[in-house]
Structure formats: C-alpha cells, structure tokens
1. Among the strands (runs of 3 or more DSSP E) lying completely within segment 76-195, list those that include at least 2 residues that are touching a residue at least 40 places away in the same chain (Cβ under 8 Å).
2. Checking residue 178 against (1) over 22 Å from residue 239 (Cβ atoms); (2) buried (at least 22 other Cβ atoms within 10 Å of the Cβ); (3) over 10 Å from the mean Cα position of the chain (by Cα), which single condition isn't satisfied?
3. Identify the single condition in (1) closer than 22 Å to residue 23 by Cβ; (2) in contact with a Lys or Arg (Cβ under 8 Å, 6 or more places away or on another chain); (3) surrounded by fewer than 11 Cβ atoms within 10 Å (Cβ to Cβ) that residue 123 does not satisfy, given that it satisfies every other one.
4. Among the numbered criteria (1) over 26 Å from residue 36 (Cα atoms); (2) under 17 Å from the mean Cα position of the chain (by Cα), which single criterion is violated by residue 231?
5. I'm checking my understanding of the structure. Among residues of segment 181-222 that are of a type in the set (D, E, K, R) and under 12 Å from the mean Cα position of the chain (by Cα), which one is farthest from residue 106 (Cα to Cα)?
6. Could you tell me whether residue 229 is without any contact (Cβ under 8 Å) to a residue 60 or more places away in the chain, in a helix (DSSP H, G or I) and of a type in the set (D, E, K, R)?
7. Anything in segment 240-269 that is in contact with a Phe, Trp or Tyr (Cβ under 7 Å, 6 or more places away or on another chain) and acidic (Asp, Glu)? List them, or say none.
8. Collect the residues in segment 233-248 that are in a helix (DSSP H, G or I) and either without any contact (Cβ under 8 Å) to a residue 12 or more places away in the chain or in contact with a strand residue (DSSP E or B) (Cβ under 6 Å, 6 or more places away or on another chain) (or both), keeping them in residue-number order.
Amino acid sequence: MAHCVVAEAEKILDKEFPVLDKGFVRLVDYLGSDQRIVQAARVSYGQGTKTCREDAGLIDYLLRSRHTSPFEQVVFTFHVKMPIFVARQWVRHRTARLNEISGRYSVMKDDFYLPAAEDIALQSGDNKQGRSAEGLPGGEADALRAGFEEGQRRAYSDYSKLIERGIARELARVNLPLSLYTEMYWQIDLHNLFHFIELRLGAHAQKEIRLYARTLLEICRKVAPLCCESFERHILGAVSFSKDELAELKRRLSGDGEKSLLDEKPLARFEDKLKKIN
C-alpha cells in the first residue's frame, strides 16, 4: 500500500483548534485515510482502489455492517490541552495510547478552566451526573464564577509558595484543583475514535467534553471525509431499539391501545428515542 497523504489534513497539521477558554486540540500526525480503509478491505480478493463512489459505498457497507478492522488501519495522534476533570473522563477510553504532562517533573502552569456564566447551573433533576439545562440568573452566576476564580488563584499561590520553598513538586501539587489544565499526546485508531465521539457527543455527556468530541470530529473529517459521512449517517444520526422497545414500537404501529409493554424507566428512555425521530 502506498503512503496516504491527504491534502486537507496536511493543511491543519499542528494547527490548534481552540476548545473552552484555554484548551485546544491539535492534529500532530495521521496514518492512513479513506483510501487505506478500502485498500485494507479489498486486499483479501486482490483489488485496489476503485472510483470514489465505489469507495464510499464500500465504506458505508463496512461501517453499517460493523466490520471494524479496516477502520483500525487509520491512526491519529493528537496533542490535547484540557482541564483535569475532562482528562479523567477522557482516559476512561482505554483503547488509546497517551502521554500526559507530569506534575512530578514539571512545574504546572497557571492555567485554569473558568466556566462561562451561562454554563453555571443547578444539578439536573433527571440526570444524576449532569447539570440542569437552565442556567442561574446572571448576578448569581457571576458571583459563583468569581468564587471559582478566587479559589483557583489561592490554590495556585499556595502551590507556587511550596515550589519556591523547595518542597517536592509531587507534593506541592496535591491541592491543585480539577480545573487546572493538563496536556497529553493521545493516539487512537479510527474505529475507537468513532466510539469515543459517539459516547462523548451523547446528550448525557458533560458539555465540556462534548466540545472536545465535536472538535475531534471536525479534524477527523479532514483526514477521512467518506468515513465521517458514513459515521454521521449510520451512528450519530441513527436510533437503535432494544428487543423490548421494538415490541413496544410494533404495538403502537399496529394501533393496539393496550397498556405499554415497558416499565416506567425503560418507557422514558423509549420516549426519548422517539423524540429524535419525530
């Protein structure tokens, strides 16, 4: 197979795509493209790349049929700057390789994430791990934001004093908050990147990591546009139903007026899916 060079991807190498107030995603390197995927898929019967239309059709078939191994042939290396609380969610995806900046070796920068006033909200009433969609009144949100900022300044001032005193960096850092920015090099193949993006663009994912996932997809489109188009059509833009949900759907389509087959919580999830297609 020839080395894949994608003109649009070459244009954005090492370019910082801003995320949040101080974060970014940067494409450091890539291996493969749409072409590599169709080459890998066709190698079993000795045919190379065909027309763009045929390639798109094959990619569509592979993704729709969950033939995942050809998508593992494409690999991305990103340089990412994010708040530590985002990084802790990020590293739950263990199908990648990463190197993160170390507070044992380096003095951490005075970089903290400060949420915008409109993003400060109460705990959601129906999502145990998320915030309400409705923000706090402006004055209250501004006051809380100022409190966040003051706490960050105080924590970094204490950290700096310990560093100046000669206290070991691995100890000086222990009281730094989760809003501190960290950086990592993160390498992942396309199949697992799509899985990351699918989960982290979900409605129940935290807003901050959704913004990073959106940026990753934007960069991915430059490297493998046909794959991303298929991914958005068959995964991001699709709705799947469980066996019980499908039975409930069939019941409704048949005009059966009997009581729902689903209990309260499964029924709520089913109704959420129906909202996507209405």
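1. Numbers: elements: 97-100, 121-123, 131-135, 181-189.
Strands (runs of 3 or more DSSP E) meeting the threshold: 97-100, 181-189.
2. (2)
3. In the conditions (1) closer than 22 Å to residue 23 by Cβ; (2) in contact with a Lys or Arg (Cβ under 8 Å, 6 or more places away or on another chain); (3) surrounded by fewer than 11 Cβ atoms within 10 Å (Cβ to Cβ), residue 123 misses (1) alone.
4. The failed condition is (1).
5. Step one: list which residues in segment 181-222 are of a type in the set (D, E, K, R), which gives 183, 189, 198, 200, 207-208, 210, 214, 218, 221-222.
Going one step further and asking which of them are under 12 Å from the mean Cα position of the chain (by Cα), we end up with 198, 200, 207-208, 210, 214, 218.
Details: 198: 34, 200: 30, 207: 29, 208: 25, 210: 29, 214: 30, 218: 31 Å.
The extreme case among them is 198.
6. Working: without any contact (Cβ under 8 Å) to a residue 60 or more places away in the chain: no; in a helix (DSSP H, G or I): yes; of a type in the set (D, E, K, R): yes.
Considered against the rule, which asks whether it is without any contact (Cβ under 8 Å) to a residue 60 or more places away in the chain, in a helix (DSSP H, G or I) and of a type in the set (D, E, K, R), residue 229 comes out as no.
7. Let us first name the residues in segment 240-269 that are in contact with a Phe, Trp or Tyr (Cβ under 7 Å, 6 or more places away or on another chain), namely 245, 248-249, 262.
Within segment 240-269, 245, 248 qualify.
8. So the first thing to find is which residues in segment 233-248 are in a helix (DSSP H, G or I), and the list is 233-236, 243-248.
Correct list: 243, 246.
Laboratory data are not the source of any read-out in this text; all were calculated from the coordinates shown. Predicted model only: the values in this text are computed from it and were never measured. Using ideal geometry, Cβ is built from the backbone for each residue, glycine included, and neighbour counts are taken over all protein chains shown.
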